[in-house]
1. Examine the range 154-166 for a residue that is of a type in the set (Lys, Arg), touching a residue at least 12 places away in the same chain (Cβ under 8 Å) and closer than 26 Å to residue 310 by Cβ, and state whether such a residue exists.
2. So is residue 309 basic (Lys, Arg), touching a Ser or Thr at 6+ places or on another chain (Cβ under 9 Å) and in contact (Cβ under 8 Å) with a residue 12 or more places away in the chain or not?
3. Could you check the range 238-289 and list, in sequence order, the residues that are among the β-branched types (Val, Ile, Thr) and modelled with pLDDT of 90 or more?
4. Here's a check for you: in the range 46-85, which residue that is touching a strand residue (DSSP E or B) at 6+ places or on another chain (Cβ under 8 Å) and of a type in the set (D, E, K, R) is surrounded by the most Cβ atoms within 10 Å (Cβ to Cβ)?
5. Do we have residue 115 as assigned to a helix (DSSP H, G or I), under 29 Å from residue 14 (Cβ atoms), in contact (Cβ under 8 Å) with a residue 24 or more places away in the chain and away from the ligand (no atom under 16 Å from the Cβ) here?
6. For the range 99-112, give me each residue that is among the aromatic types (Phe, Trp, Tyr) and either surrounded by 14 or more Cβ atoms within 10 Å (Cβ to Cβ) or more than 16 Å from the ligand (Cβ to nearest atom) (or both).
7. From 52, 22, 63, 6, which residue is modelled with pLDDT of 95 or more, outside any helix (DSSP H, G or I) and either away from the ligand (no atom under 15 Å from the Cβ) or under 30 Å from residue 222 (Cα atoms) (or both)?
8. I'd like to check something: does the range 246-261 contain any residue that is surrounded by 16 or more Cβ atoms within 10 Å (Cβ to Cβ) and under 23 Å from residue 62 (Cβ atoms)?
Amino acid sequence: MGITGSRDQEIYDLVGIGFGPSNLSLAIALEEHGASAPQQPVRFQFFERQPSFGWHRNMLLPSTTMQISFLKDLATFRNPLSRFSFVSYLHAKNRLVQFVNNQDFYPTRQEFHQYLEWAADAFRDRVGYGTEVTSVRPVTDGSAPPELLRVEVRTGDGTTRTVTARNVVVSTGLVPRLPQGVTADDRVWHSSEFLRRFRAHDPRDLGSVAVVGAGQSAAEITRFLHDELPHAEVHAIIPSYGYSVADDTPFANQVFDPGAVDAYYFGTEQGREAFWRYHRNTNYSVVDADVIRALYQRVYDEEVRGVRRLHVRNLTRVSEVKRRDNETRVTLCSVLDEHTEELAVDALVFASGYDGLDPARLLGDFDRHFLRDASGRHRVERDYRLVSSTALACGVYLQGGTEHTHGLSSALLSNIAVRSGEIADSVVLRRAERELGHSQPLEEASPVA
Ligand SMILES: Cc1cc2nc3c(=O)[nH]c(=O)nc-3n(C[C@H](O)[C@H](O)[C@H](O)COP(=O)(O)OP(=O)(O)OC[C@H]3O[C@@H](n4cnc5c(N)ncnc54)[C@H](O)[C@@H]3O)c2cc1C
């Protein structure tokens, strides 16, 4: 489709791609920078493909809780006085006292979502919802290093237009992953679309369901289905011998501290690998202890009553999925001895995880300008800016997709307040350097790369 819309004449200092919690936190950092330096506000705009703000809406299961303290909100670690803190939100909703009485560091995911929506609402004029960014390219005449980026966006009605920016911040989030050969449909779901798919069915038609995976989402969905479908057989298919616990004890939790980013970033390749190996169990393929206990309690209670309908199938993988009309047949394969068995289900949920953010799709040919490491991953500066092979005066920043350079918190919420502040500072600082450079004779201006 051609470019049909009008061109936006304004040159933004920053265009944010995606408006999940990471870029929402960045919007707050930029707004607060503007309040402290009103003569030099950063001109910014965000684009979000969803029609309104939404954070993993299909996993807002009742009673699921956050895996971070409420103090790791959008702003507090960067600016404890921010009006966008979780505490400010509670105050605005007249619930601060009750929250404190509840004595819990971990709000429900539903409440945190309401907090995020409340904060996002303050930026409704700065976000183009229902608008997908389709490409980012440099504006170049072939001579000087490009200073500007052309960002192409497509709205829900198919109209395409471009905006111009000095920097983009790519924060498009995780990408749902299904096992090879599996295709999602109305009976085979990825966890990222769980509630939408579940609600599309009459629960009475779901007499046998299976959940594949050993992580937090798998365990939560299993518990939910067991609650919501009291008549159904619920199969949890896990490749390990049982769910493993997420280590959220204080020393281990330090891996999510803002300071851990420096430790990781400036460490050796070997050191980073060891860091990752030791502390993977703080987040990946692990489950909160209370959810594990709740599930085990159910299995045990059923055993006592002699009515088993929650079947935890340990050391088991799915080797094939056969679909025909409403029929779904799953081949289960034992990890121990390769013994196979067929199971007929009415719905099959893959909580099989996500791939990390990769900016290459948006950058297209422009990606050639950015350096990669020996493993083919993007090189990223400490301020989250992609390292370019040529001096680019424009910047591509990443929020997410930097696990290999910035460590375990890269795709999580733990560090978004500080990270967003660092990106905002970088954009402001580089702008000041550029303006200074332009006011000096050209040969004195140092390239910013
Ligand atoms: C169920 C679930 C629960 C989680 N709970 C926690 C938790 O408790 N604590 C924690 O630290 N982490 C948690 N995580 C990890 C999760 O990655 C972060 O919570 C968070 O979503 C990261 O925010 P983000 O803004 O980087 O990405 P996202 O929240 O994924 O937001 C990215 C946004 O970009 C939009 N987008 C994508 N492509 C485009 C495009 N081309 N143009 C325009 N818009 C686009 C998407 O629609 C989306 O809204 C959880 C993850 C899941 C799946």
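The values are calculated or read from the model by the stated rules, or taken from the named source; none is laboratory data. Source: prediction; values computed, not measured. Because the Cβ atoms are built from the backbone with ideal geometry, glycine has one as well, and the counts that use them run over all protein chains shown.
1. So in the range 154-166, the residues of a type in the set (Lys, Arg) come out as 154, 161, 166.
This time we only want the ones that are touching a residue at least 12 places away in the same chain (Cβ under 8 Å), so: 154, 161, 166.
Right, trim to closer than 26 Å to residue 310 by Cβ and you get none.
Scanning the range 154-166 turns up no residue that is of a type in the set (Lys, Arg), touching a residue at least 12 places away in the same chain (Cβ under 8 Å) and closer than 26 Å to residue 310 by Cβ.
2. Numbers: basic (Lys, Arg): yes; touching a Ser or Thr at 6+ places or on another chain (Cβ under 9 Å): no; in contact (Cβ under 8 Å) with a residue 12 or more places away in the chain: yes.
Here the answer is no, as residue 309 does not meet what is asked.
3. Step one: of the range 238-289, the residues among the β-branched types (Val, Ile, Thr) are 238, 245, 249, 255, 261, 268, 282, 286-287.
Once the filter is applied, which keeps residues that are among the β-branched types (Val, Ile, Thr) and modelled with pLDDT of 90 or more, the range 238-289 yields 238, 245, 249, 255, 261, 268, 286, 287.
4. Looking at residues that are touching a strand residue (DSSP E or B) at 6+ places or on another chain (Cβ under 8 Å) and of a type in the set (D, E, K, R), I get 48.
5. Details: assigned to a helix (DSSP H, G or I): yes; under 29 Å from residue 14 (Cβ atoms): yes; in contact (Cβ under 8 Å) with a residue 24 or more places away in the chain: yes; away from the ligand (no atom under 16 Å from the Cβ): no.
So residue 115 fails the test.
6. Our first condition is that a residue be among the aromatic types (Phe, Trp, Tyr); within the range 99-112, this holds for 99, 105-106, 112.
Correct list: 99, 106, 112.
7. Numbers: 22 fails: outside any helix (DSSP H, G or I); 63 fails: modelled with pLDDT of 95 or more; 6 fails: modelled with pLDDT of 95 or more.
It is 52.
8. Yes, the range 246-261 has at least one match.
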